[in-house]
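None of the figures in this text is laboratory data; all of them are computed from the coordinates on show. The model shown is predicted, which means the values in this text are computed figures rather than measured ones. Note: ideal-geometry Cβ built from the backbone for every residue, glycine included; neighbour counts use all protein chains shown.
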Amino acid sequence: MKYRQYTFTFYLNTSHAIYIEGKRGQVHPHTWEIILHLLYMQDNFIAFHKLEERIEQYMERYQDVCLNDIEPFNKINPTLENCCEYFKNELKDILNEEGWLLLMIEIRETPTRAYVINLLDADGTEDEQFLEAFSNRLLDQIAGEERTNE
């Protein structure tokens, strides 16, 4: 098997107030649905519960709080887009440590509204370098399997 693709969903109960034209709006709650589209590059057994526990442990810091009161959202506007970008960077590192590749993150603040970052369409230098290294690793793995099957 060359790779396996999975989707994980997590929920974050939080509140925030966003700044519009320099004025802070009203604090309001959300139950954000955070959907991670992942790629697993190994053919061994996957202990899903370990990954889920690690992500939930990370997210615990943001659970049931006002984002405006904690780092880094006490310095940046905690809009849906800014939160998604921040969580993408943080979760990408955690996932990589566990042997996973983040392909896409989607955060829904309501059932009808979501913000999505697709790393396959990355235009940032760091993401481009990461995806290029991943692509090379995948191609090397495929080539190695083809040589083994000959």
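Counting Lys and Arg as +1 and Asp and Glu as -1, each charge on the Cβ, what is the dipole of the range 1-89 about the Cα centre in debye, to the nearest 20?
On the way: 9 positive and 12 negative charges, 43 e Å.
Computed charge dipole of the range 1-89: roughly 200 debye.
Determine by what factor the alpha-carbon radius of gyration of the range 1-105 differs from 2.2 N^0.38 Å, reporting the quotient.
Working: Rg = 15.5 Å, N = 105, 2.2 N^0.38 = 12.9 Å.
Ratio of Cα Rg to 2.2 N^0.38 Å: 1.20.
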Open item on the list: Skipping prolines and chain starts, which residues have an amide H placed within reach, meaning under 5 Å, of the one on Met104, given they are 5 or more residues away or on another chain?
Closed with: His37, Leu119
TODO: Mind running the shape call on the range 1-43? Use the C-alpha gyration tensor, a ≥ b ≥ c as the square roots of the eigenvalues: rounded below 1.5 for a/c, prolate if a/b tops b/c, oblate otherwise.
DONE: prolate
TODO: Of the options Asn68, Met41, His30, report the single residue whose Cα projects farthest towards the positive end of the charge dipole of the range 23-75 (beta-carbon charges: Lys, Arg +1; Asp, Glu -1).
DONE: Asn68
TODO: Report, in whole Å, the centroid distance computed from the Cα atoms of the range 72-103 and the range 9-23.
DONE: 15
